[in-house]
Amino acid sequence: YGHQHGLFAEKDFAKHDVLVTVPLSAALSTETALGSPLRGLILEDELLRQIPSLTLALHLLAERAAGAASRFAPFIDLLPDDVSNALFFAAGDFGALRASPCALQCMRFVRTTARHYVRLHEAVAKGKVPSVAPLFTWAWFRWAMALVMSRQNKVPVDGPNEAALALVPLWDLINHEDGEMTTDFDDDGDRPAVRCHALRAFRAGEEVRMCYGERGNA
């Protein structure tokens, strides 16, 4: 299917076997953002509270800026630099979409993201988030937003929010295939985790896939 990234089986899996189990403690999420130096800005800024994906993108940038010092560095190092997303479209790409109903959606998304960048740039310029400053350019911001919008998942958390947006290592390497939903949450024991079961049998060396649920063509 032209995928450049994916997850491949090292052994045979029968249908409904557990493919991947990832502890929630390994996920980069809006909850871990609240435990980072971004906490003050998140609690202060209404935009970040209303749009969790912005918080997650800012958190991703801060952790990337930290380099090897970030506990998420091994995961971030695996993330692609090139992302297929409207934020990376050239003028000709929008022209090619002119007859499509998603053309206006794409343009609005880019415009809204640019406005959010300008808004957050003010906070960065005032020194409110020094951990993000080294990478807070439009190029890096759109990279973070594109990754978050294409890879974020809701995961359960303790507390009033009940759920957080997260980037889950390994989980986000699994590409889509139509079929039944075979993911669940394991909250037994001291290490809550998300699990992905095989939606069908997979042979060793084959790319494993999961069903993302119903998706529109846009």
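Values in this text are rule-based calculations from the coordinates and carry no lab data. These figures come from a predicted structure and were not determined experimentally. A quick note on method: Cβ atoms are made from the backbone with ideal geometry, for glycine too, and the neighbour counts reach across all protein chains shown.
Taking the Cα centroid of the stretch 13-65 and of the stretch 176-213, what is the distance between the two, rounded to the nearest whole Å?
So the two Cα centres are separated by 21 Å.
Using alpha carbon coordinates only, what is the Rg to Rh ratio of the chain, with Rh defined as the Kirkwood radius?
Numbers: Rg = 18.5 Å, Rh = 18.9 Å.
Using only Cα positions, Rg/Rh for the chain is 0.98.
Please name whichever of 202, 124, 50 sits farthest to the positive end of the charge dipole of the chain, dipole taken about the Cα centre and charges placed at Cβ: Lys and Arg +1, Asp and Glu -1.
Of 202, 124, 50, it is 124.
I'd like the Kirkwood hydrodynamic radius of the stretch 29-153, using the inverse of the mean 1/r over distinct C-alpha pairs, in Å. Each step should come with its number before you reach the end.
Numbers: mean 1/r = 0.0657 Å⁻¹.
Kirkwood hydrodynamic radius for the stretch 29-153: 15.2 Å.
Placing +1 at every Lys and Arg Cβ and -1 at every Asp and Glu Cβ, with all other atoms neutral, what dipole size does the chain have around its Cα centre, in debye to the nearest 20? Walk me through the numbers before you get to the answer.
On the way: 22 positive and 27 negative charges, 189 e Å.
Result for the chain is approximately 900 debye, rounded to the nearest 20.
Let me have the relative contact order for the stretch 29-153, percent, based on Cα pairs under 8 Å that are six or more residues apart.
On the way: 91 pairs, mean separation 44.1, N = 125.
Relative contact order here is 35 percent.
Projected onto the charge dipole of the stretch 91-208 (+1 at Lys/Arg Cβ, -1 at Asp/Glu Cβ, origin at the Cα centre), which of 114, 152, 101 gives the Cα projection farthest towards the positive end?
Projecting each Cα onto the dipole axis, the largest value belongs to 114.
When only C-alpha pairs under 8 Å and at least 6 residues apart count, what is the relative contact order of the chain, in percent? Walk me through the intermediate numbers first.
Working: 296 pairs, mean separation 85.5, N = 218.
The normalised contact order for the chain reaches 39 percent.
Nearest 20 debye, what's the magnitude of the dipole of the stretch 29-153 about its Cα centre given +1 on Lys and Arg Cβ and -1 on Asp and Glu Cβ? Can you show the working numbers first?
Values: 13 positive and 10 negative charges, 58 e Å.
That gives a dipole near 280 debye.
What share of Cα pairs, in percent, lie more than 14 angstrom apart in the stretch 66-135? Numbers along the way, then the final one.
Details: 1747 of 2415 pairs.
More than 14 Å apart: 72 percent of the Cα pairs in the stretch 66-135.
Take each of the peptides 135-147, 74-86, average the number of other beta-carbon atoms within 10 Å over its residues, and list them starting from the highest. Please list the in-between numbers first.
Working: 135-147: 19.4, 74-86: 13.9.
Averaged packing, sorted descending, gives the order 135-147, 74-86.
Quick one: which of 99-108, 60-69, 164-173 comes out on top by average Cβ neighbours within 10 Å, and what's the full order, highest first?
Order by mean packing, descending: 164-173, 60-69, 99-108.
Positive end of the charge dipole of the chain (Lys, Arg +1 and Asp, Glu -1 on Cβ, about the Cα centre): tell me which of 70, 22, 84 has its Cα farthest that way.
84
Per the helix-only calculation at 222 nm, which mean residue ellipticity applies to the chain, given -39500 (n - 2.57) for every DSSP H run of n ≥ 4 and division by its residues, nearest 500 deg cm²/dmol? Provide the component values of the computation, followed by the final result.
On the way: 8 runs with 79 residues, N = 218.
So the helix-based figure for the chain works out to -10500 deg cm²/dmol.
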